[in-house]
1. On the given criteria, is Ser125 at pLDDT 85 or above, over 13 Å from the mean Cα position of the chain (by Cα) and surrounded by 13 or more Cβ atoms within 10 Å (Cβ to Cβ)?
2. Does Lys85 count as out of contact with any helix residue (DSSP H, G or I) (no Cβ under 9 Å at 6 or more places or on another chain), closer than 30 Å to Ile118 by Cβ and basic (Lys, Arg)?
3. For the stretch 73-106: of the residues being assigned to a loop (DSSP other than H, G, I, E, B) and touching a Pro at 6+ places or on another chain (Cβ under 8 Å), which is surrounded by the most Cβ atoms within 10 Å (Cβ to Cβ)?
4. Checking Gly117 against (1) closer than 28 Å to Phe163 by Cα; (2) free of Cβ contacts under 8 Å to residues at least 60 places away in the same chain; (3) of a type outside the set (Asp, Glu); (4) touching a helix residue (DSSP H, G or I) at 6+ places or on another chain (Cβ under 7 Å), only one condition comes out false. Which one?
5. Of the residues Lys132, Lys103, Lys99, Lys94, which is touching a residue at least 24 places away in the same chain (Cβ under 8 Å) and not assigned by TED's automatic domain parsing to the domain that holds Met45?
6. Kindly provide the set of residues from the stretch 131-172 that are of a type in the set (Gly, Ala, Ser) and modelled with pLDDT under 75, ordered by number.
7. Return the total of residues in the stretch 3-56 being free of Cβ contacts under 8 Å to residues at least 60 places away in the same chain, acidic (Asp, Glu) and surrounded by 11 or more Cβ atoms within 10 Å (Cβ to Cβ).
8. Any residue at all in the stretch 57-72 that is assigned to a strand (DSSP E or B) and either among the charged types (D, E, K, R) or assigned by TED's automatic domain parsing to the domain that holds Ser125 (or both)?
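The values are calculated or read from the model by the stated rules, or taken from the named source; none is laboratory data. These numbers come from a predicted model, not from an experiment. Glycine also receives a Cβ, built like all others from the backbone with ideal geometry; neighbour counts cover every protein chain displayed.
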Amino acid sequence: MGKPSVVFLDEPLTGMDPVARRLLWDTITWICKTGKAIIITSHSMQECEAFCTRLAIMVKGRFTCLGSPQHLKNKFGSIYTLAAKIKINTGEDKVEEFKEFIKTTFPGSMINQDYEGIIGYYIPSKQIHWGKVFRVLEEAKVLFNLEDYSVRQITLEQIFLTFANIDKMENDLLLKLL
């Protein structure tokens with residue numbers, strides 16, 4: 001790489017096999033430790049979390065946000081994602097009741113997936129604690145025949161996709177939650 005004070009890398013790990021990727025990853029890490037400035041463009045949030053002390057998300061040539069990966073998660077990651085699978089019986093259908101329950105229990109939540117008993121939500125997490133979410137969902141397991149559910153914080157990848165999302169409608173809805 002020579003001995004420049006600033007190194008520019010454009011998608012450095014794209015298309016590399018795992019061994020070469022690890023070698024370059026180690027080299028970039030070593031170069032960072034020598035005090036050199038490295039500027040990386042990447043779509044890989046894994047790369048960004050590993051290498052970057054500051055991260056900028058650019059959309060259509062404009063910076064939309066800037067900060068450390070943790071800062072961006074804290075600032076824009078105030079959303080939980082909920083995925084619930086409801087047992088579909090030939091008898092009673094609990095899907096609509098479950099949707100109403102989530103809408104009432106977690107105001108501001110938005111459906112992002114609804115297909116054959118699998119319902120996905122974005123739930124604002126600003127004033128909701130993990131304990132409440134799990135307590136409510138454990139109760140819902142019995143009430144609405146939930147087969148399974150998962151709750152996660154939004155990832156850096158999802159934050160990036162929210163800003164870079166081509167689908168304007170979903171992007172606008174997510175930005176309202178953020």
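1. Details: at pLDDT 85 or above: no; over 13 Å from the mean Cα position of the chain (by Cα): yes; surrounded by 13 or more Cβ atoms within 10 Å (Cβ to Cβ): yes.
It is false that Ser125 is at pLDDT 85 or above, over 13 Å from the mean Cα position of the chain (by Cα) and surrounded by 13 or more Cβ atoms within 10 Å (Cβ to Cβ).
2. Values: out of contact with any helix residue (DSSP H, G or I) (no Cβ under 9 Å at 6 or more places or on another chain): yes; closer than 30 Å to Ile118 by Cβ: yes; basic (Lys, Arg): yes.
Yes, satisfied.
3. Filtering the stretch 73-106 down to residues assigned to a loop (DSSP other than H, G, I, E, B) leaves 77-78, 87-94, 106.
Still in the list and also touching a Pro at 6+ places or on another chain (Cβ under 8 Å): 78, 106.
Numbers: Ser78: 17, Phe106: 20.
Filtering the stretch 73-106 for residues that are assigned to a loop (DSSP other than H, G, I, E, B) and touching a Pro at 6+ places or on another chain (Cβ under 8 Å), the one surrounded by the most Cβ atoms within 10 Å (Cβ to Cβ) comes out as Phe106.
4. Here Gly117 meets the rest and fails (1).
5. Values: Lys132 fails: touching a residue at least 24 places away in the same chain (Cβ under 8 Å); Lys103 fails: touching a residue at least 24 places away in the same chain (Cβ under 8 Å); Lys99 fails: touching a residue at least 24 places away in the same chain (Cβ under 8 Å).
The unique qualifying residue is Lys94.
6. Step one: of the stretch 131-172, the residues of a type in the set (Gly, Ala, Ser) are 131, 140, 150, 164.
Scanning the stretch 131-172 gives a single hit, Ala164.
7. Residues that pass the stated criteria total 2.
8. Step one: filter the stretch 57-72 for residues assigned to a strand (DSSP E or B), giving 57-59, 62-67.
After this cut, where a residue has to be either among the charged types (D, E, K, R) or assigned by TED's automatic domain parsing to the domain that holds Ser125 (or both) as well, the list is 62.
Within the stretch 57-72 (the criterion being assigned to a strand (DSSP E or B) and either among the charged types (D, E, K, R) or assigned by TED's automatic domain parsing to the domain that holds Ser125 (or both)), the answer is yes, since at least one residue qualifies.
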